[in-house]
Every structure is written in C-alpha cells, then in structure tokens.
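Bear in mind these aren't lab numbers, they're just calculated from the coordinates by the rules spelled out. What you see is a predicted model, and the numbers here were worked out from it, not measured in a lab. With ideal geometry, Cβ positions are generated from the backbone for all residues, glycine too; neighbour counts draw on all protein chains shown.
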Amino acid sequence: MADHRVDAHLIPPGGGLPNNPRLPLLVYRGVLDLAGDAAGRCEKLFAGHGWGGAWRNGIFGYDHFHATMHEVLGIVRGRARVRFGGDGGPEAEVAAGDVVVIPAGVGHRNLGASGDFLVIGAYPGGGYPDTSTDPGPDAAARVAQVSVPDQDPVYGPAGPLIERWTPA
C-alpha cells in the first residue's frame, strides 16, 4: 500500500539469536494518533485488530526475544534507539507515533531512550509470550511454528503486515 511509510528488515539467525529468516521486522512511521490519551487509543487500536494482552512500559535494555509469539510495540511518548537481531543487527530510531511489528524470534534491545519513553506492547490473540535471552537448541523450531496473524495491528485485514508476511 503506497500510503504507508514502512521500513522492513529481514533478519536471519545470528548474533546469538534465532531471529526470523522468513518474516521481516516492520517499522511503521508516524501512524499513531497522539492526541489526548494516546496510550489508551493505541491499546484500543491493537485490540480492535486482534492484538491483545496489552502492557505499558519501555523496552528492555538487553537482547531478548519471544520464540512463541509476534509482538507489536506502539511508541506513544518519547523516543529510543533500538537494535534488532543482536550484535551487528539493524538499529532504528523510534519516536512517538511509530509502531514496530517484531516477528517471533527477532531479538530487540533498547540502546537508549528519552526519559518520557512509553511503549504499548501487544500480541496477536492476546496472551503473554515467553521472553528469552538464550535461544537453546529448539528456538528456531519454535519460531517456525508461530503462525502469521490474520490482521495487521494498525490497519486490520489489510496493511503492511498482510502484504509483506506470507504464511510458511
């Protein structure tokens, strides 16, 4: 969809992390409405498209990943520099209004954030994922079993996730 500004990064295994060799990390630029209760509005947006289990916080300052679920992060306040995929992986400056969709297995780490940084996180179907720093021998197999969501967390049944993620 031409009207969406999206950065996409396919991150293969490396940096001591399973990452995801088939689904790209997606960074949607400036898509959230930040007026009024931006955090509440972001939670409702994600939930309305089947991404639940919302939480409010920041991003851990160490490499970690979720082998059993994809994750969406809505940046509702502040800014941060985030590295994806472990050592040598791509880095992105994210700011209020941005949304990051992290495929299962892709490592992420906050490299530094403003004091007012606030993230809304959620998962397709809700629930709460595993959080790991050590992939172990079966992480890649667990990541490969995670299904592609049927809705984009921002745009619903259409949108960048639906266009760029294809089922295995």
field: Given (1) polar (S, T, N, Q); (2) out of contact with any strand residue (DSSP E or B) (no Cβ under 8 Å at 6 or more places or on another chain); (3) more than 18 Å from Pro149 (Cα to Cα), index of the condition Thr68 fails
entry: (3)
Subset of the range 3-21 [in contact (Cβ under 8 Å) with a residue 24 or more places away in the chain, under 15 Å from the mean Cα position of the chain (by Cα) and not in a loop (DSSP other than H, G, I, E, B)]: Val6, Asp7, Ala8, His9, Ile11, Asn20
- prompt: Can you find a residue in the range 44-63 that is among the aliphatic types (A, V, I, L, M), surrounded by fewer than 18 Cβ atoms within 10 Å (Cβ to Cβ), outside any loop (DSSP other than H, G, I, E, B) and in contact (Cβ under 8 Å) with a residue 12 or more places away in the chain?
  reply: yes
- line: Checked the range 90-117 for anything in contact with a Phe, Trp or Tyr (Cβ under 7 Å, 6 or more places away or on another chain), touching a residue at least 60 places away in the same chain (Cβ under 8 Å), of a type outside the set (A, V, I, L, M) and closer than 14 Å to Pro24 by Cα; matches are Pro90, Gly105, Gly107
- prompt: So, in the range 67-90, of the ones that are among the aliphatic types (A, V, I, L, M) and more than 13 Å from Ile11 (Cβ to Cβ), which residue ends up surrounded by the fewest Cβ atoms within 10 Å (Cβ to Cβ)?
  reply: Ala80
task: Please give the strands (runs of 3 or more DSSP E) falling wholly within the range 67-129 in which 3 or more residues are of a type in the set (Phe, Trp, Tyr).
output: none
- prompt: Taking the range 104-154 on its own, how many of its residues are surrounded by fewer than 13 Cβ atoms within 10 Å (Cβ to Cβ), acidic (Asp, Glu) and within 26 Å of Val76 (Cβ to Cβ)?
  reply: 1
task: Take Val94 and decide whether it is in contact with a Leu (Cβ under 6 Å, 6 or more places away or on another chain) and not aromatic (Phe, Trp, Tyr).
output: no
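With the condition kept exactly as written, say whether any residue in the range 150-166 is among the basic types (Lys, Arg), over 15 Å from the mean Cα position of the chain (by Cα) and farther than 23 Å from Ala38 by Cβ. Walk me through it before giving the result.
Narrowing the range 150-166 to residues among the basic types (Lys, Arg): 164.
Imposing the further condition that a residue be over 15 Å from the mean Cα position of the chain (by Cα) reduces the set to none.
No, the range 150-166 has no match at all.
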- prompt: Which numbered condition trips up Val31, out of (1) in contact with a Phe, Trp or Tyr (Cβ under 6 Å, 6 or more places away or on another chain); (2) buried (at least 17 other Cβ atoms within 10 Å of the Cβ); (3) more than 30 Å from Ala141 (Cβ to Cβ)?
  reply: (1)
